[in-house]
Structures are given as C-alpha cells and as structure tokens.
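Remarks on the structure that follows.
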Amino acid sequence: MTFTLAIVGRPNVGKSTLFNRLVGKKLALVDDQPGVTRDLREGAGRLGDLRFVVIDSAGLEMAEDDSLQGRMRRLTERAVDEADICLFVVDARAGVTAADEYFAEILRRRARHVIVAANKAEGRAGESGALEAYALGLGEPIRISAEHGEGMDDLYRLLVPLS
Ligand code: GDP
Ligand code: MG
C-alpha cells in the first residue's frame with residue numbers, strides 16, 4: 001500500500017527543495033516554467049524502500065501579496081485533504097514565525113498525521129529553531145537539511161509506521 005505525503009509550510013522554508021530530493025529531480029528544476037501555475041505539484045516520491053505520492057504546494061511563490069494568506073490557506077487545505085501524512089516544514093534558522101503558527105493551526109484542525117521538520121538545520125544551525133518548532137504542539141520536530149540530505153533517516157523512521 002502506498003500513501004500521499006503533502007509538504008506544507010510558508011514560502012521559502014525549503015518545501016520545493018525537499019520535494020525535488022524526494023522525487024529525485026535536479027535542483028535546477030526547482031522553479032516552475034514561467035507563466036505556468038501549477039498550484040499543487042505531484043510527484044513519485046521514494047525514500048529507502050518507501051514509495052509514495054508527494055505533493056508540493058508550488059503555487060505559493062506566485063501569489064499576489066494582497067491575497068497571499070487566503071491563497072496559502074486554500075492551497076494548504078487542499079493539500080492536507082489529499083494527504084495521508086503532512087510534512088510541515090519550518091525554517092530552523094528563522095525560528096517559528098506568525099505564518100508558521102497560522103499553518104500549525106490549520107494542520108491541528110485538519111490533518112490526519114503531521115510530521116514537523118525543521119529544515120536548513122545542517123551542521124549545528126537551527127538548534128533553537130527546532131526547539132521553537134516543538135512548541136507548535138504538533139510533536140517532536142525532526143531536524144533536516146533538504147539541500148544537503150541530512151535527517152532523511154529520521155524522516156524514514158517516522159514514515160514507516162504511518163505507511
Ligand atoms: P519553498 O518556497 O518552501 O518551496 O522553498 P525552496 O525550496 O524554494 O527554498 C527556498 C530557499 O531555501 C532556497 O534558496 C533554497 O536553496 C534554500 N534551502 C532549501 N533547503 C535548504 C537547506 O536545507 N539548507 C539551507 N541552508 N538552505 C535551504
Ligand atoms: Mg516552493
């Protein structure tokens with residue numbers, strides 16, 4: 001049996017970088033084609049022996065500023081509803097922001113399973129950010145680096161019992 005994993009979180013935390021790592025695409029393909037809005041990007045994800053559908057809320061980067069919050073909410077709700085598991089990404093270096101709290105609230109109400117990932121945590125960076133992420137009340141965050149591939153073993157261990 002397979003499952004659907006939605007990568008959610010505010011813009012710029014590293015969702016697309018993680019998406020590309022899980023589907024095995026080159027980083028050069030991060031950006032969508034100009035003029036093409038694909039709100040929810042879907043791919044075939046793999047991690048170890050796990051195979052799953054992975055969703056990236058890719059349209060957020062193109063949102064108009066004045067409608068960003070409403071658009072983020074609608075997109076996130078769609079991704080959450082399609083997902084068996086939500087991977088909630090925060091930026092461990094930036095710490096938890098008001099936008100993160102906003103997403104956390106949506107996930108608390110709506111998501112079946114949530115894994116919190118404090119990204120950009122390569123080296124010793126982002127230790128305090130990961131602690132802040134714990135206070136979101138969505139479980140113990142894993143520290144990952146989507147760019148450098150760190151923490152993928154922890155992600156695997158959390159996905160296995162949910163898969
Ligand atoms: P998205 O808006 O959430 O999809 O974020 P992106 O994947 O587009 O990444 C936003 C920025 O964060 C880019 O400049 C990435 O190179 C950078 N980034 C992503 N993952 C990491 C990471 O693990 N460590 C660091 N230092 N930067 C990262
Ligand atoms: Mg993105």
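Out of the residues in region 126-144 that are of a type in the set (A, V, I, L, M) and under 20 Å from Phe19 (Cα atoms), which is surrounded by the most Cβ atoms within 10 Å (Cβ to Cβ)?
Out of the qualifying residues, it is Ile144.
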Looking across region 78-125 at residues that are within 20 Å of Tyr156 (Cβ to Cβ) and not hydrophobic (A, V, I, L, M, F, W, C), the single one that is surrounded by the fewest Cβ atoms within 10 Å (Cβ to Cβ) is Arg112
Scanning region 5-17 for residues that are surrounded by 21 or more Cβ atoms within 10 Å (Cβ to Cβ) and near ligand 2 (Cβ under 9 Å from one of its atoms) gives Ile7, Val13, Gly14, Lys15, Ser16
task: Could you tell me whether Thr2 is of a type in the set (Ser, Thr, Tyr), away from ligand 2 (no atom under 13 Å from the Cβ), at negative phi and at pLDDT 85 or above?
output: yes
Expected output for region 145-157 (first residue more than 11 Å from Leu18 (Cβ to Cβ), partner at pLDDT 95 or above and within 16 Å of ligand 2 (Cβ to nearest atom), Cβ below 8 Å, 6+ apart or cross-chain) is Glu150/Ile144; Asp154/Ile144
Listed by first then second residue, the pairs whose first member lies in region 97-114 and is among the aromatic types (Phe, Trp, Tyr), whose partner is outside any loop (DSSP other than H, G, I, E, B) and at pLDDT below 95, with beta carbons under 7 Å and at least 6 positions apart or on separate chains, are Phe103/Val8; Phe103/Thr76
Of the residues in region 30-56, those that are assigned to a loop (DSSP other than H, G, I, E, B) and at pLDDT 80 or above come to Leu40, Gly48, Asp49
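The values are calculated or read from the model by the stated rules, or taken from the named source; none is laboratory data. Everything numeric here is computed off the predicted structure, so don't read it as measured data. Counting neighbours? That spans all protein chains shown, and the Cβs are built from the backbone with ideal geometry, glycine included.
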